[in-house]
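Data first, discussion second: the structure below is written as C-alpha cells.
The values are calculated or read from the model by the stated rules, or taken from the named source; none is laboratory data. Predicted model only: the values in this text are computed from it and were never measured. Neighbour counts run over all protein chains shown; Cβ positions are idealised from the backbone, glycine included. Just the protein is used for accessible areas: all its heavy atoms, side chains included, with ligands, DNA and RNA removed. Shrake-Rupley method; radii C 1.70, N 1.55, O 1.52, S 1.80 Å.
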Amino acid sequence: MVMVACFVASNYLCFFVFLFIFFGGWIPIWLRNLASSILRKKVEFVAILMGSKSDYEVMQESINVLKKFDVPYEVIISSAHRSPNRTKEYVKSAEEKGAKVFIAAAGMAAHLAGAVASMTTKPVIGVPLKGGALDGLDSLLSTVQMPSGMPVATVALGRTGAVNSAYLAMQILALSDAELGGKLKEDRVMKAKNVELDSSEIEVIL
C-alpha cells in the first residue's frame, strides 16, 4: 500500500514538473494547490509508546504483527511520570504527522495509556505489562479503570496483549482501508485452517 502511494505520488510529481516546463514556468493556481495537497498527503500510521526500554522485548510482538501486514508505525520510549513533557510533545507531533491509533504499554502504575488518552481524541489501546510485586495486576487495573469519557481499549497482559493491540489497531485502520481489511479477513481464514490442521493430527472422532 505504501509503495503504491509512493509510486502514485512520484508520477504526479513528474506530471507537474512536465507541466511546469511545458507552460514555461507558469502553472495555474488551482493546479499548484492540487499538487501541493497531493505532495503533502500524510501517511497514516500506528504510534507505539512504551514506558521504558525493558518493555521493548514484549512490544516487539506488536511491531512484528504490524510489519507482517505492512502497516506503517513509529516506536518511542516515553514515560508518563519521568518524561511527561516528552510524551505530550510526541502525541501532538504524531497526530500532526498522521497517527490514527496510539498503542501505549507500561507496567506497575501503568498511567501511560491514560495519559496519552488525555492528550488526544484518537483511539488509544493500552497494553498492561507484568512486573513488580503484583506481577501485572496493578498495571491491568491502572490501564482498564479509566474515568467516564476517557476510554482506553485495554487488551490482555504481556505478549498476548501486545499482539492483540496491533490487531485491534489494524481493525480500526481497516474501517477506512479496504485493502487492509481484506488482509485481516484472509488472516482469519488462515487461523481457522490452522486449527483444523492441528486437530487433524490428534483428533479422535467416533
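Computed quantities for the displayed model
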quantity	calculated
Reciprocal of mean inverse Cα separation for the stretch 38-181 (Kirkwood radius, Å)	14.9 Å
Per-residue SASA entry for Glu95, accessible area with 1.4 Å probe, Å² rounded to 10	60 Å²
HN-Hα J in Hz across the stretch 171-181 - Karplus 6.51, -1.76, 1.60, θ = phi - 60°, x for Gly and Pro	5, 5, 4, 5, 4, 10, 9, 5, 5, 5, x
Debye intensity ratio in log₁₀ form over the Cα atoms of the stretch 116-176, taken at each q of 0.12, 0.19, 0.29 Å⁻¹	-0.31, -0.72, -1.19
Heavy-atom accessible area per residue - the stretch 86-206, 1.4 Å, Å²	57 Å²
Per-pair calculated FRET efficiency, R0 = 22 Å: Thr121 and Glu74 via Cβ, rounded to 0.05	0.75
Amide N of the stretch 109-153 lying under 15 Å from the label point, which is placed 7 angstrom from the Cα of Arg82 along Cα→Cβ	109-112, 132
Estimated FRET transfer efficiency (Ser148, Ala109; beta-carbon r; R0 30 Å; 0.05)	0.90
For Val75, residues with placed amide H under 5 Å, excluding near neighbours	Ile48
Radius of gyration and Dmax over the Cα atoms of the stretch 103-206, both given in Å	17.4, 58
Pairs from Lys42/Lys92; Lys42/Lys185; Lys97/Lys183; Lys68/Lys191 whose Cα-Cα separation, in the structure shown, is over 19 Å	Lys42/Lys185; Lys97/Lys183
Reachable lysines from Lys53, criterion Cα separation under 18 angstrom, eight or more residues apart if same chain	Lys130
FRET efficiency, 1/(1 + (r/R0)^6) with R0 30 Å, evaluated for Ala192 and Asn64 via beta carbons	0.90
Solvent-accessible surface (1.4 angstrom probe) belonging to His81, in square angstrom, nearest 10	110 Å²
Per-bin percent of Cα-Cα distances, the stretch 43-88 [5 Å]	5, 21, 26, 21, 17, 8, 1
Other-chain or far-sequence residues with amide H under 5 Å of Val127's (modelled H)	Ala104, Ala105, Ala106
Geometric extent, Cα atoms of the stretch 145-206 - Rg, Dmax (angstrom)	16.6, 53
Net lengthening on full extension, Ser200/Ser93 (0.36 nm per residue, minus Cα-Cα)	33.5 nm
Summed residue charge, Cβ within 14 Å of Leu184's Cβ, Lys/Arg positive, Asp/Glu negative	0
Dimensions in Å of the stretch 78-143 - Rg and Dmax from alpha carbons	12.0, 39
